Structures are given as C-alpha cells and as structure tokens.
Amino acid sequence: MVLGTASQAPTRHRNHNGYLLRWDGHHILFDPGEGTQRQLVLAGLSGADVHRICLTHFHGDHCFGLPGVLARMALDHAGGPVPIHHPVEGAEQLAHLELAAPPHDPVPVVHHPARGDGDAVETPVGTLAARRLDHGPVPTVGWRLDEPDGRRLLPERLEQLGIEGPDRARLVEHGHVEVDGRTVTVEEVSVERPGQHFAFVMDTRWCDGALALADGVDLLVCESTFLDAERDLAERWFHLTARDAARLAVEAGARRLVLTHYSQRHPDERDFLREAEDEAAGRVEIVAARDLDRIAVPPRR
C-alpha cells in the first residue's frame, strides 16, 4: 500500500512518504513521513494494522509522521512491543520523535539499530536485512525482506492418501504423518515453493548497497526523485533519477519496479514512467506509484 509519494515537500496530490508492506498478515511500515496517520485512515487502515516500522534515515519527509503513527497505534490498541528498525546513528533522533507526542498509554517499542553491513533480524515472514546507501552526510540504509523457501501442498495428492484435518496439520508441523500403517513425508505430497523477495531503496545515489538490496527481488520500491535532465541536482543532493532506478532494476534482475519519491517539479508521475521505460526497454515491469495505490508482489515464479 502506497501511502505517500512526495519527496521533500508534499503537494496537493502527493503526501509525504509512507509505504505499508502487507506480507502474509505481517505489516511493515516504511518511512512514515508527515501525514501518514491520515493516509492510513484514507486507505481504510488503522494503527493496529502496523506491526513493524523501518526507517531509512532521519530526514523529515521520511520520519516526521512517526509520532502521530505511534499515538494512533496506542489509540487503536495495537499490540506490542513494536519493533522499530533504523540506522544505528539515528538513536537520538528516534528518541526525540517518540517523545514528541506521547499518548496516555503508549505502545511499547523495541529499537533495532542497523549498521547497514547486511546485519539482519528474523521476522515472522522472513529475514529483514539492511544495507548502507549513499545519501551524502546523512546516515541512510535500505531494507530487504527475504522470505524463506517452503513447500506447497498438493490437494489432489493429499486426497489420494486420505490425509485431512488433524493429519494434515501434523504433516505440516512435523514433516511426516502415519497413514494406514505407513509414514508419509511432506515431500511426497508437495512441491517446492521458492521464497519471494522485496527491497526498499530510498534517498541514495547509485551505490553497491542499492545493487545488493535489489539483487533478484520480486518487488523493488525505489526512489526516482529527478528526471535525467536534472542529473546535476540528483548528484548534488544524493538522489536517483527515474532512469537510474530503471537501470538499477535491470542490472539487479528485479521483476517489478515501483517508482516513487517524486520531485514537486513534476506533477505528472507519467514523466518518470516514460523515462524509466525508455531505459528498461521492456526488461522489467515498471509501475509509477500514486498515493493510495495498492501494488502487488508479482506471482511466484
């Protein structure tokens, strides 16, 4: 769910950043800029729909919405503790944001500072890892979620062997089950299901960290602040162009690229889409995000 697509300054049609990744019932909020609490309401979501928060850096358009989100989570009786992942250098800024609007009964949080050297934590849906990005003097990391490989049960095979109800649950839990005097393994009634992969690259120039994050992912959410005609601005302010984002997706082998974080100079996101598609030449699927869009992870290979 795209909650906001504006860089630096919001516009009449673009809220500041905010992205909610919904993955098998576990919801991760990335970079809640100012106004994210209201965008959640417009999207039909509540504070209780946020289970984990990831920050790339502490520029205001990526974090000023955090106090409101935390207050809303308390109001909506979100469960806790809520993990907050952030660059290790931003601990002091994070503490100030948490104190900016303390609710009467705050949601407990757990800080997970990231060095950005590939350090990772396990979540209910996969491994969340951080890589250092190049946003000049501002410590910045990007995020990658890797779902583990699994297996998909074959209903027709289960039916042939008479495996149902509690036996099916035991098969999944233990990897085998006794049926009519013989042991049936999960491999006999399933096929491999490759895990899927997601990357979030925001506020950076071209760098090895961005390539590592995007390597082979199914869905890449990537900033495209400027167009190629403004490359001097992109270099000066440590950002990517739409052409850069497309080249990153192609070189990394991403399957679907989501463009976002647009400069207010360009009110029509199709300008970014045209430039990215020209660079990609059909080698990657590209979506130019708009506020409140719902963009799916591509089907499994």
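The values are calculated or read from the model by the stated rules, or taken from the named source; none is laboratory data. These numbers come from a predicted model, not from an experiment. We place every Cβ from the backbone using ideal geometry, glycine too, and count neighbours over all the protein chains shown.
Of note:
Residue-by-condition table, conditions (1) closer than 20 Å to M1 by Cα; (2) more than 19 Å from the chain's Cα centre (by Cα); (3) acidic (D, E):
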{"site": "A252", "(1), (2), (3)": "no, no, no"}
{"site": "L259", "(1), (2), (3)": "yes, no, no"}
{"site": "Q264", "(1), (2), (3)": "no, yes, no"}
{"site": "P267", "(1), (2), (3)": "no, yes, no"}
{"site": "D271", "(1), (2), (3)": "no, yes, yes"}
{"site": "R283", "(1), (2), (3)": "no, yes, no"}
{"site": "V287", "(1), (2), (3)": "yes, no, no"}
{"site": "R290", "(1), (2), (3)": "yes, no, no"}
{"site": "D293", "(1), (2), (3)": "yes, no, yes"}
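- Yes/no for D146 being surrounded by fewer than 20 Cβ atoms within 10 Å (Cβ to Cβ), over 16 Å from I84 (Cα atoms), modelled with pLDDT of 95 or more and out of contact with any helix residue (DSSP H, G or I) (no Cβ under 7 Å at 6 or more places or on another chain): yes
- Only one of the numbered conditions (1) closer than 20 Å to L145 by Cα; (2) in contact (Cβ under 8 Å) with a residue 12 or more places away in the chain; (3) loosely packed, with under 14 Cβ neighbours inside 10 Å is not met by P108, and that is (1).
- Check on V287, at pLDDT 95 or above, hydrophobic (A, V, I, L, M, F, W, C), touching a strand residue (DSSP E or B) at 6+ places or on another chain (Cβ under 8 Å) and not in a loop (DSSP other than H, G, I, E, B): yes
- Restricting attention to region 243-279, the residues that are in contact with a strand residue (DSSP E or B) (Cβ under 6 Å, 6 or more places away or on another chain) and either under 19 Å from L211 (Cα atoms) or in a helix (DSSP H, G or I) (or both) total 12.
- Candidate set from region 1-29 (those that are touching a helix residue (DSSP H, G or I) at 6+ places or on another chain (Cβ under 9 Å) and more than 15 Å from T260 (Cα to Cα)); member that is surrounded by the most Cβ atoms within 10 Å (Cβ to Cβ): L29
- Helices (runs of 4 or more DSSP H) contained in region 1-109 and holding at least 3 residues touching a Phe, Trp or Tyr at 6+ places or on another chain (Cβ under 9 Å): 91-100
- Flag for T123 being in contact with an Asp or Glu (Cβ under 6 Å, 6 or more places away or on another chain) and either free of Cβ contacts under 8 Å to residues at least 24 places away in the same chain or among the β-branched types (V, I, T) (or both): no
- The number of residues in region 114-133 being part of a strand (DSSP E or B) and surrounded by fewer than 17 Cβ atoms within 10 Å (Cβ to Cβ) comes to 7.
- Residue among H26, H51 that is in contact with a Pro (Cβ under 6 Å, 6 or more places away or on another chain) and more than 19 Å from A6 (Cα to Cα): H26
- Only a single criterion out of (1) over 19 Å from the mean Cα position of the chain (by Cα); (2) under 29 Å from V125 (Cβ atoms) is not satisfied by L220, namely (1).
- Selection of region 15-56 for residues being in contact with an Asp or Glu (Cβ under 6 Å, 6 or more places away or on another chain) and of a type outside the set (A, V, I, L, M) yields N15, H16, N17, H27, G33, S46, G47, T56.
- Number of residues in region 243-295 that are in contact (Cβ under 8 Å) with a residue 40 or more places away in the chain, farther than 22 Å from D203 by Cβ and surrounded by fewer than 15 Cβ atoms within 10 Å (Cβ to Cβ) equals 1.
- Screening region 174-228 for residues that are modelled with pLDDT of 95 or more and loosely packed, with under 13 Cβ neighbours inside 10 Å and picking the one that is nearest to R290 (Cα to Cα) gives G216.
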